[in-house]
1. For the residues LYS14, LYS33, LYS69, what sequence is obtained by ranking on other C-beta atoms within 10 Å, fewest first?
2. Given contacts defined as C-alpha pairs under 8 Å and at least six residues apart, what's the relative contact order of region 231-310, whole-number percent?
3. Would you mind calculating the relative contact order of region 50-146 from Cα pairs under 8 angstrom and at least 6 residues apart, reporting the percent as a whole number?
4. Any chance you could run the full-extension gain for GLU81 through LEU41? It's 0.36 nm times the residue separation minus the Cα-Cα distance, nm to one decimal.
5. Would you mind checking which residues have amide H under 5 Å from LEU243's amide H? H placed 1.01 Å from N; only 5 or more apart, or other chain.
6. Using θ = phi - 60° and the Karplus form 6.51 cos²θ - 1.76 cosθ + 1.60, what ³J(HN,Hα) does each residue of region 30-35 get, whole Hz, x for Gly and Pro?
7. Shape of region 1-122 from its Cα gyration tensor (a ≥ b ≥ c, root eigenvalues): rounded if a/c is under 1.5, otherwise prolate when a/b > b/c, or oblate?
8. How far apart, in nm, are the 7 Å Cα→Cβ label points at ALA274 and THR2?
Amino acid sequence: MTLPFYNYFTHGKKDENTYVSSSWPGLLLSAHKRHIKAQSLQPALALSSAVYGGGMLELNRVFNIYVDKHYRCDDPPRDIEQALLEWQERTELCSGLLTAVRLEHTSIQEYTCDAFGLLCCTTAGVSNAACAGSERTVFDAYGEKHQATTSTLRGTEGVLADYDRHSGADISDTSNTSSSNISNKASSNTSNTSSYVPGTINIMLWLNGQMTPGAMVNAIQTAVEAKAAALADAGIKDSENGLTATGTTTDAIVLAVRQTKHESQPLHTYAGTATALGAAIGRLVYDTVTESLQAGLHWKERRGQGDNDI
């Protein structure tokens, strides 16, 4: 396991700001003051839940952008686009993720075999850890805050009848030491707080191989299962109810597939846990989530803070 950008961010070693992939020819990851950038030479087919560049799309770059822990905004895509323009990056053919995790805790793992190559890049923090399916605070499509109960979630009440409207709680991750225009934006609106806060477990998967669209969805499913397993094994609990966390309230994932035809690389139609591809995805996601969390935990322990503060 490796934290390739640790010395760049903590010791100012500017010659340690790049990581060259061994599993995807021409794929380069680079660290910058406010973001991690992954770039391939040619566009890839991607499936993304990113707030900027989400859905099924072609891309050749993914940005994981650091924001301050107090970041609040009604329009994160606008802020990401402004940041890309500031960095003189093209605003098309890319996805943008937001994180409040310290960027030196970026974990990268790779795996290569005859049938495919795979790179996984993860930043993970759990201060807003959540258990899917449990009773907890939720936000509707308009950014209004509600208290969802198990009965209302199952539809026995018909609507969310009981809720409490007030300003959003501070449910963000570890603050980095650097500052930026994006990171200093905090909402002063106490009556209609945006439901979006920075992604806390951000996962990039770069697959050098071929996949059907269905297999890409299957790969996302496997990655999410591995993330949940890593959190369970780490003993991470829902920050509201103490149940075993399955993720956080703001996780995001991008899967990019090279889709280059090669005699030795078959077309993958499945990516579940019983497949070689799914097993590799699960292992790399599990390991990178674990390593990034451990790095954050060690950083917090030196400062006397708790597990769910990372």
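Every read-out reported here was derived from the displayed coordinates using simple, explicitly stated rules and does not represent laboratory data. If you're wondering where the values come from, they're calculated on a predicted model, not measured in any experiment. For neighbour counting, all protein chains shown are included, and Cβ atoms are generated from backbone atoms with ideal geometry for every residue, glycine included.
1. Working: LYS14 9, LYS33 14, LYS69 19.
In order of increasing Cβ crowding within 10 Å: LYS14, LYS33, LYS69.
2. Numbers: 37 pairs, mean separation 18.9, N = 80.
Reported as a whole number, the value is 24 percent.
3. Working: 99 pairs, mean separation 25.7, N = 97.
Computed value for region 50-146: 27 percent relative contact order.
4. Values: separation 40, 0.36 × 40 = 14.40 nm, distance 2.14 nm.
Gain on stretching GLU81 to LEU41: 12.3 nm.
5. Placed amide hydrogens put ASP238 under 5 Å from LEU243.
6. These are the phi-based 3J(HN,Hα) values: 9, 9, 10, 3, 10, 7 Hz.
7. Here region 1-122 falls in the oblate category.
8. The answer from the label model is 3.5 nm.
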